[in-house]
Structure formats: C-alpha cells, structure tokens
C-alpha cells in the first residue's frame, strides 16, 4: 500500500488530517493554532455558520445538520488527502506533544483502524450511567483505560484510518434522543463490523479549556456533571 506523507510548513511529516467541526465559536482560532502547532493538515468544516478559518482549508455546509458534527465529519473525511484523520471540536485544543503521540501510535500499530484519544478537563467531572444515573467514574482525564471498553463518554475524540469512512460514515438519521451519542454509536458500529479499535492511553486533547469557569463546563457529551 502506498502511503503519501505530507510536509507541513513546520517541516514535520504529516500523514494525518485534523477535521475541526465548528458551529462558529470564537475559540475556533485556538483550535486551529493547536492543530497546526502539532504539524497536522487542517480542514475546518462549518455546520452552516459563517466563520473565519484562517490557516486552514475551509468548507461551509449549506445548512445546519446538527447531530454533533456527524455530517461535518463525513464531509471532512471525504476531502482529507491523508491516510489518517482525527477530529477536534471548535472549543477544544490539542495537548502540546499530541502530534508526536498520535504519529508514534500510528506507526507502532499498523493493524489498528480506530484509536480512541484521551481527553483532559481543567477540573473534575463525573461520568454517570445514562439509564440509572449511577456514578461510573470521575476525574479530569478520560478515555485512557482500554479495560473499560467502548462506553458512552470515552469515545468523543477518535482518530481513524480515512478508509473507514468509505464503509461506515457517521449517520445523520439517528433518533433525536440519541443525537448526543453520535461518536459512540459510530465507533461501536465500526467495531461490530470488524474494524479494530485501540486506545492512545495518553491524554491528547483538552476539552473546552476556555470555559472552565462557566456553568455546564463539566458535561462530557451531555453525560457528565461538575463536582
């Protein structure tokens, strides 16, 4: 298989495109800067909002699709020129050094199709079972424990082989009550179809670092609560 590596302006080899899904938040600029700092190619896909995406390729969808960026992800995956893609919301950023962690894992595990990335919050959040409300775990770092399996709340920052989207795109017909689970349902579906899933086991992404003092900050895909 021929893998094409792209040279970024920083001189770093990049075989990964970051797709930043935006609804027009002003924190988009910080997300783009963090992706470029890590040596990634960047595509910004707007869910119907007019934004400034300087420093990145930009695509604006004709209308708002919602479903937590599922259609943005599909469009970005179709345009990505690299064999791997990862995703970033417009109010999140990469941890410094995340690019090296991602590239190392891609090289060391050539049989993996999807990696679940570790996320960090600026303060503790609590994860609860969606049906029972029972607390499952709490802390600042999530999605770094493979032994927990693919569960709600630990699948929000995936990295994929781009070809996965040729077979299984994000769905845009999820029932409204499940629209917060788009990423979880997609990864679970891919796993059930035979794609191999693994974990980075290290924190890669900072979740909403600019909102740590605002009400509602601690929600993890709508399923966490502030302590």
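Bear in mind these aren't lab numbers, they're just calculated from the coordinates by the rules spelled out. No experiment lies behind these values; they were computed from the predicted model shown. Note: ideal-geometry Cβ built from the backbone for every residue, glycine included; neighbour counts use all protein chains shown.
Between residue 52 and residue 134, the C-beta separation translates, for a Förster distance of 35 Å, into a calculated FRET efficiency of about 0.20.
Sorting the segments 189-198, 152-161, 108-117 by their mean number of nearby beta carbons within 10 angstrom, highest to lowest, gives 152-161, 108-117, 189-198.
In nanometres, what is the gap between the two model label sites at residue 145 and residue 33, each 7 Å from Cα along Cα-to-Cβ? A separation of 3.4 nm, rounded to one decimal place.
With contacts taken as Cα pairs under 8 Å and at least 6 residues apart, the range 11-112 reaches a relative contact order of 36 percent. Taking label points 7 Å from Cα along the Cα-to-Cβ direction, residue 210 and residue 60 give a separation of 1.9 nm. For the range 6-226, averaging the sequence separation of C-alpha pairs within contact (under 8 Å, six or more residues apart) and dividing by the residue count gives a relative contact order of 24 percent.
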